[in-house]
Amino acid sequence: MKLKLFFLLLFPLSGMGTQFLVLPLNATELTLGNHPTISPALFTENRGHPDLSMSRGNWFGDVSLTHLGYTQKLNGKTFYLGAKYTGLSDLEFRGTVPQDEALSTFSTYGVAMDAGLSFFKNKQKFSLSLSYISIGLYTGSSSGIGLNIGYVSVLRNGLKIGASIQNLGKMSKLLYESPSLPTRISGGVSKAFNFKDFKNTIYFSGEWNQSSSTNKLNIGNKFNWNRISLMGGLSTSKNVVEYSAGFGINLNRYQITYGIRFGSQNLGVPQIISFQLKLP
């Protein structure tokens, strides 16, 4: 696909380079947006049993998304291990002389291996994780370490406030210079409304990404009834507006979630499907 090289040059939009670190991990994040009260420091709340999760999908410009995660509660703390892979293949390599056929094709990728922990104290949640990061482009590669910090305070009547700082760190040189990490600062609030037969939660958050130097506002809503959840979201920045929708089915030990996003830039339709298994 000839346009793929165009997407590669627009790293913040396509999600390649170190920008892959800010792409959604799962269907819930794709739909609701980045909200610190849901997943501070890049991992979710454990439900009392070890959890194994897997997500697979695509981003703008045919970028593939894959994530594997494992959480386990031990001695009052939740431990997390995760792996994220983002790739784009069949990029065309062409010379300076115009011709019909490309000289060759190549690919680009991003990989992050995460380890972290979180704990509650006095209705407050603190979380910390470290990431080993590796990216590759053509014959070049770069690696580094990232730090992620999150905080959530549980207030009265289903109200939560949270903040997170993600991707603090440094990368080695890729070709002639070191790529910068997309440090992201987020803050948000959520409010849960509990009724007799259902629950509805509203999410508001704002974020700033150092690499793209843009501010983004995220609004999400999640409706839970019995084993079914319905989700919707809106993300807006200076030049882009994105809408999203999704649903989930909880089958006791198994949970399946699907999310889809539509953007005003008309560069594709990101989709993710996530599977979660509660282990014994």
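Some points to look at:
- Count of the range 218-232 residues which are assigned to a strand (DSSP E or B) and among the basic types (Lys, Arg): 1
- Any strands (runs of 3 or more DSSP E) falling wholly within the range 113-212 and containing at least 3 residues that are among the aliphatic types (A, V, I, L, M): 124-137, 140-154, 159-171, 184-194
- Only listed residue being of a type in the set (S, T, N, Q), surrounded by fewer than 14 Cβ atoms within 10 Å (Cβ to Cβ), in a strand (DSSP E or B) and modelled with pLDDT under 90, chosen from ASN239, ASN215: ASN215
- Condition broken by SER180, with the remaining ones in (1) under 16 Å from the mean Cα position of the chain (by Cα); (2) under 28 Å from GLY136 (Cβ atoms) satisfied: (1)
- Restricting ILE256, ILE260, ILE272 to those that are in a strand (DSSP E or B), modelled with pLDDT of 95 or more, out of contact with any helix residue (DSSP H, G or I) (no Cβ under 8 Å at 6 or more places or on another chain) and within 21 Å of ILE38 (Cα to Cα) reduces the list to ILE256.
- Selection status of GLY246, touching a Phe, Trp or Tyr at 6+ places or on another chain (Cβ under 6 Å) and surrounded by 14 or more Cβ atoms within 10 Å (Cβ to Cβ): yes
- Only one entry of GLY15, GLY57 meets the criterion of being modelled with pLDDT under 80, within 28 Å of VAL189 (Cβ to Cβ) and in contact with a Leu (Cβ under 6 Å, 6 or more places away or on another chain), and that entry is GLY15.
- Long-range neighbours under 7 Å by Cβ, at least six apart or interchain, first residue under 16 Å from PRO182 (Cα atoms) and aliphatic (A, V, I, L, M) within the range 121-146, second at pLDDT below 95 and assigned to a loop (DSSP other than H, G, I, E, B): ILE135/PRO179
- Whichever residue in the range 60-81 is under 20 Å from GLN276 (Cβ atoms) and β-branched (Val, Ile, Thr) and, among such residues, is modelled with the highest pLDDT: THR66
- LYS191 vs. criteria of a type outside the set (S, T, N, Q) and in contact (Cβ under 8 Å) with a residue 24 or more places away in the chain: yes
- Scan of the range 220-233 for residues that are over 11 Å from SER205 (Cα atoms) and touching a Leu at 6+ places or on another chain (Cβ under 9 Å), ordered by number: ASN221, LYS222, PHE223, ASN224, ARG227, MET231, GLY232, GLY233
- The single condition among (1) modelled with pLDDT of 90 or more; (2) part of a loop (DSSP other than H, G, I, E, B) that PHE20 does not satisfy is (2).
- Residue in the range 205-213 that is within 16 Å of the chain's Cα centre (by Cα) and under 16 Å from ASN26 (Cα atoms) present: no
The values are calculated or read from the model by the stated rules, or taken from the named source; none is laboratory data. What you see is a predicted model, and the numbers here were worked out from it, not measured in a lab. So basically every Cβ, Gly included, is an ideal-geometry build from the backbone, and we count neighbours across all protein chains shown.
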